[in-house]
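Taken together, the values in this text are just the output of simple stated rules run on the coordinates, not laboratory data. Note that the structure is predicted; figures quoted are calculated from it, not measured. When we count neighbours, we look across all protein chains shown, and the Cβ atoms used for this are built from the backbone with ideal geometry, even at glycine.
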Amino acid sequence: MANSITLAKNYTNLLDLVYKNASVTSDLVSDTTMMRAGANASEILYPQVSVTGLGDYDRNSGYTDGSVNVTWATAAFNYDRGTKITVDAMDNQETFDVAFGQASATLLREKVAPEADAFTFATLAGITGISKATAATYADADEFLEALLVAKNKMDEDEVPEEGRILYATHTLMNSVLALDTTKSREVINSFMVRKSVPQSRFYTAIDLLDGKTEGEEAGHYIKNATTGKDINFMIVHKPAVIKFDKHVASSLIAPDNNPDSDGYISKYRKYGLVDVFGNKVAGIYLSNKA
């Protein structure tokens, strides 16, 4: 009888991972030293300063009396999301540690970063008083650059400093500029020291955060709001106008020996933070979205 021998399969460390960009809004993270604790743990305070203007100088009585006014505005934390992933010890062993070994990295790359970006853009787009272009779909790079020039003029007239402005636009619009022949045509986009391309899947005016519990939302993550969500063409953000930071990020790995509920590895992740705009700096946000 002929031998029947099944050859052992040779597994490699190569992984078939989903293509995902890292977070594109990390540039907007605020300096936490400028924040103070509020009346309760779920809010922060930040100062708003105003002064009176110049008056006529009198050679007899001298200066007119001016004044300074400092008020403290409140911003409540508006982002509290997390998940717990459990992988049975045998499932992990029989996949050569791939099941659990890659779980945390995959979570951060495929879920945490995209959701953080989508939440940031949707929150900024929903702030009352920001500057907005007429809703439109740009047919080509020329229309995109024309709209950018209008946006730049608006922010210039509102006296928003050029330094610190960040241009976020879809990959399609950014790439369309590369096809232009003349350097002059690109001058508007090159006036932004920081330019970031954003996947359309993260670039909406409104999103719904799925709770991961109720029927139809078990997978968690986010989706474009079906009623008010619009595709964003581009957004210009003056970084000093934005409040964005994480008060608490918890990321931990628990071995089966320390798991009281099952013989499984646990990966936990939670992020508690805030995205908002300073009340006196709403002119530092300019939005263009599709109809």
Exercise. Check whether at least one residue in region 259-267 is buried (at least 16 other Cβ atoms within 10 Å of the Cβ) and under 30 Å from Val150 (Cβ atoms), and report yes or no.
Key: no
Quiz item: So which residues in region 227-264 are in a strand (DSSP E or B), touching a Phe, Trp or Tyr at 6+ places or on another chain (Cβ under 9 Å) and among the basic types (Lys, Arg)?
Solution: Lys247
Self-check item: Residues of region 161-179 satisfying the condition of being within 16 Å of Glu146 (Cα to Cα) and part of a loop (DSSP other than H, G, I, E, B)
Solution: Ala179
Quiz item: For region 167-201, which residues satisfy the criterion of being more than 18 Å from Asp156 (Cα to Cα) and over 22 Å from the mean Cα position of the chain (by Cα)?
Solution: Ser176, Val177, Leu178, Ala179, Leu180, Asp181, Thr182, Thr183, Lys184, Ser185, Arg186
Quiz item: Taking region 42-98 only, how many residues are over 30 Å from Asp246 (Cβ atoms), surrounded by 13 or more Cβ atoms within 10 Å (Cβ to Cβ) and touching a strand residue (DSSP E or B) at 6+ places or on another chain (Cβ under 7 Å)?
Solution: 2
Quiz item: Which condition number in (1) β-branched (Val, Ile, Thr); (2) in contact with a Ser or Thr (Cβ under 9 Å, 6 or more places away or on another chain); (3) outside any helix (DSSP H, G or I); (4) in contact (Cβ under 8 Å) with a residue 12 or more places away in the chain is the one that Val112 fails?
Solution: (3)
